[in-house]
Amino acid sequence: MAAKLKKGDKVVVLSGKDKGKEGTIASVDPKAGKAVVDGLNIAIRHTRQSQSEQGGRLPKALPIELSNLAYLDANGKPTRVGFRMEGDKKVRFAKTTGDVIDA
């Protein structure tokens, strides 16, 4: 199945403790159906000090289910993402406005 949300997309969280907050996708795991969004779903991880880095209580962004994220269109509104053929190329488009996301 093609990826509806990709790295670098601006998204809004639809449910959970960060509901309504916006961010950019840092990475996507399509097999697990989850994505890491910068600055959202932060948890404190206790890490041991090593030679290369300082230890302590470090904040870390944890993955969020893709179903709990919605793409932000050009107007800043959450929208679903669809696919269509333009010529011989398959492109993603915002369902609310019909604008092509990645040309």
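The requirement of being out of contact with any helix residue (DSSP H, G or I) (no Cβ under 9 Å at 6 or more places or on another chain) and at positive phi is not satisfied by residue 55. When the strands (runs of 3 or more DSSP E) confined to the chain are screened for residues that are open to solvent by 50 Å² or more (accessible area, probe 1.4 Å), those reaching at least 3 such residues are found at 22-29, 42-47, 56-61, 81-86. Within region 6-18, the residues that satisfy the criterion of being more than 16 Å from residue 61 (Cβ to Cβ) and in contact with a strand residue (DSSP E or B) (Cβ under 8 Å, 6 or more places away or on another chain) are 6, 14.
The values are calculated or read from the model by the stated rules, or taken from the named source; none is laboratory data. Owing to the predicted nature of the structure, the values given are computational and were not obtained by experimental measurement. Quick reminder, even Gly has a Cβ in these numbers, built from the backbone with ideal geometry, and neighbours come from all protein chains shown. We work out accessible area using only protein heavy atoms, side chains counted, and drop any ligands, DNA or RNA first. Shrake-Rupley method; radii C 1.70, N 1.55, O 1.52, S 1.80 Å.
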